[in-house]
Structure formats: structure tokens, C-alpha cells
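Laboratory data are not the source of any read-out in this text; all were calculated from the coordinates shown. Not measured: the values here are computed from a predicted model. Please note: Cβ atoms are built from the backbone with ideal geometry, for glycine as well, and neighbour counts cover all protein chains shown.
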Amino acid sequence: MTTQDTPIKQTATGDPVLPELRVNLVRPTDPVIGRVVTNELCTKGGRKASGFVRHVAIDVSGTPLEAGFVTGQSFGVLPPGEDDKGRPHKLRLYSIASPTRGEDGQGKVLATSVKRVLDEHWENQTLFRGVCSNYLCDAQVGDEIRVTGPSGKRFVLPADPSAHDYVFFATGTGIAPFRGMIIDLLESGVNSKVTLVMGVPYSTDLLYDDDLRALEAKHENFRYVTAISREPQADTPKKLYVQDRITNDPLGDGAGSLPASLACERTLIYVCGLAGMELGIFRGIYEALGRDGAAPLITVDDEIAGDPSSWNRRMINRQIKTSKRVFLEVY
Ligand code: NAP
């Protein structure tokens, strides 16, 4: 069942109703074979890029995954080979970056955004190569990949996309699920306001940047805002994290600005990327809207209500509660 096929329901409170979704059509014990059809850089590259991120598209036609996923879900990849204990490598999950119609328009090709993991072993400072990220980044067109899925029912668009406006906050490869969601929303023709706030270290790290700018030029209801953390921005000399855009919006707090969107009762907020960003976003919302204004999104224990600058990650589960209008997927 796709988002579009789902019967439309709406709660009296305005909370989003999520579609019923199928998961685990293909299990890790019995993976299917997909074939790589595209493998290309999805950053602009350049001297200052903080890493290599590739758009890897896999043809899953003829398998239960064909037209069996919606954007926001994940799929699994089983890399070949064994770990250092001689056991087969475990399944890795990747966010589907494609719209629900797939890359091809028929749900036969799904894609993800993969960052090569290259690091040092902390014990002996030898090179560490991420097993599956490098496997996917090195894959050639035509290569066979063992895939599973889909998984995830919670981090998806609501059953009735027209009932809401949307603010997406992404850092780095956290853009993956939002690429598909934004294409789904804009292609469905809804009038909902859609804002993407995208954070990366350098402007050369912006993922799918040309595509997103083209979508912004084409769709009046889509706004694309960047937050570059290690360079001045085009509109301000400051270095910014995504949450800093709440108070450094070129539109101020006027119509269509982030403060105005966050204050709107129709708005759903989706956050994907680095763990840590959600705390900054909660703080930004609270500082911009005040305790009462923020309450439809986050509620805060009396004990910490006075001073958002003192909030820390430990408080997220115990003292800061998100409403059903906030969707988080951070690692
Ligand atoms: P990246 O290119 O390094 O960009 C991350 C950006 O976030 C940088 O500009 C960084 O700034 C900034 N940042 C650091 N701390 C922050 C904070 N507390 N608040 C706000 N921004 C902050 O990102 P990446 O290497 O692709 O990593 C993306 C993360 O997303 C990974 O952890 C990945 O696992 C996760 N991810 C999750 C999903 C999912 O859940 N479905 C999908 C894809 C990716 P500085 O470095 O300059 O400080």
C-alpha cells in the first residue's frame, strides 16, 4: 500500500495520522538480488568537501520490493564476506532516498545516499574502512546486491499530506529520506508549505543541491534553506547549524519564515541526521516560541523550563517530551 492508496483519516486534534505500511516483505534470511543502475557523487565535491557521498540506485524489479516501499522507509543491504570473527557480515539499513514512485516512476528502482566511512582504529591507528558503505560506494553499474526490507512505519509522511505543512531539518546524509518525501509532496500537487533546512560543514558538501534549487524554483510552496557550519553564509557572515536558522532566517519572523512555520498548528517537523541536532532544534523552538507557543511541539518539565541553554541530551527522554507532530530519526 502506498501513502496515496491509504484511506484518509484525520484526528480531531490535528495530530497526523500515519498510513498503514507493509514491512519485511524480504527478510535477511532470504534476501533478494537487486542490480546497481546508478552510482554517482551527490555532492558538488571540491577541495573542502568533508566526505564522499554517493547516490546509489538499485533495480529491485521482479522482487517483493518492487512498488513495495514508501519514501521514509529503509531497506537492508547484506554485504558479502565475513567479519574478523569469521561470521557473515550483518545487515546494514539505509534510508530510501527515492520518492515512493521510485527513481524510475514505477517503484522498480530505489536509491540511497551513502557516505564512505574511512577512519582510524582508535586502538592502533590503522585505517578503518566501513564495510558496507565502501562496498556500496565501490559498486559498479550492473553489480548484484543482496537486499531486504522495507523497514520502518513511523518516519513517513502522514496519510493525508494536504492536512499539514512541513519543516524538515537535515544534517549531512540525513537528507536521504527528505529527498523522497519532498518529491512526493511537491509532485502530489498539495498546497502545503514545505521548508527544508539543510546543514553541512562546507557548501561543497550540500547533497542534491542543484536538484533542490530546481525544485525551489519550480514550486512556490517549497523553500530550501542552508546552514553551513564551517563557512560564512551567503546572507550572513556567521557559521550556522540548522537550529541557528530559526533565529537567522533571511525572512526574519515574517510570513513563510521558520518561526512563523514552527508556530503554525498545521506544521509537522521532521529531524534526521546527527544525534545532538534535536536538542539544538528543541532549544531553538522554545526560544523562538516561548513555553506556551512551543507546547504543541515540545513540553518541558518545570525543573528545566527556565533556562533552555542548560538543557543536555540526557534530558531529552526524561524532561523534554515531543508531541505527535515531531518526527525524529537521529544517529
Ligand atoms: P556531515 O556531512 O558531517 O554534516 C553534519 C553537519 O551537522 C555538520 O555541518 C556539523 O557541523 C553539524 N552538526 C554537528 N553537531 C551538530 C549539532 N549538535 N546540531 C546541529 N548540527 C550539528 O554529516 P554526516 O557525516 O553525513 O552524518 C549524518 C548523520 O545522519 C549520521 O550520523 C548518519 O548516521 C545519520 N543519518 C541518519 C539517517 C536515518 O536515521 N534514517 C539517514 C541518513 C543519515 P560541524 O561538523 O562543523 O560541527
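Only the Cβ atoms of Lys and Arg (+1) and of Asp and Glu (-1) were treated as charged; on that basis the dipole of the range 165-221 about its Cα centre amounts to roughly 80 debye.
Of the Cα atoms belonging to the chain, the radius of gyration and Dmax stand at 20.1, 59 Å.
Taking Ser203, Ser95, Ser61 as the candidate residues, the one with maximal mean-square fluctuation in a Gaussian network model of the chain, Cα springs under 10 Å, is Ser61.
The label-point distance for Asp307 and Phe52, in a model that sets each label 7 Å from Cα toward Cβ, rounds to 4.7 nm.
Compute the Cα gyration tensor for the range 32-151, then decide on rounded, prolate or oblate, letting a ≥ b ≥ c be the square roots of its eigenvalues: rounded whenever a/c is under 1.5, prolate when a/b is larger than b/c in the other cases, and oblate in all that remain.
Since a/c reaches 1.5 but b/c is at least a/b, the shape of the range 32-151 is classed as oblate.
Charged side chains reduced to their Cβ positions (Lys and Arg at +1, Asp and Glu at -1) give the chain a dipole of some 360 debye around its Cα centre.
Legend: distances between Cα atoms for Lys48/Lys238; Lys48/Lys193; Lys238/Lys324; Lys90/Lys321; Lys108/Lys193; pairs beyond 22 Å are Lys48/Lys193; Lys238/Lys324; Lys90/Lys321; Lys108/Lys193.
When each of Val60, Val17 is scored by the number of other beta-carbon atoms lying within 10 Å, the sequence from fewest to most is Val17, Val60. Each residue of the range 85-91 was assigned a 3J(HN,Hα) from its phi angle through the Karplus curve 6.51 cos²θ - 1.76 cosθ + 1.60 (θ = phi - 60°); the sequence is 9, x, 9, x, 4, 7, 5 Hz, with glycine and proline shown as x.
In plain terms, the residue of Lys90, Lys324, Lys115 with the fewest other Cβ atoms within 10 Å comes first and the most crowded comes last, giving Lys90, Lys324, Lys115.
Extending 7 Å from the Cα toward the beta-carbon at both Val131 and Asp30 defines two label points whose distance is 2.4 nm.
In this label model, Val23 and Leu41 are separated by 3.7 nm, measuring between points 7 Å along each Cα→Cβ vector.
When you restrict to C-alpha pairs under 8 Å that are six or more residues apart and normalise by the size of the range 32-151, the relative contact order lands at 35 percent. Taking packing as the residue-averaged number of other Cβ atoms within 10 angstrom, the listed peptides 295-306, 99-110 run from highest to lowest as 99-110, 295-306. 3J(HN,Hα) couplings calculated from phi for the range 151-161 with the Karplus curve 6.51 cos²θ - 1.76 cosθ + 1.60 (θ = phi - 60°) are, in sequence order, 10, x, 10, 9, 9, 9, 6, x, 4, 10, x Hz; Gly and Pro show x.
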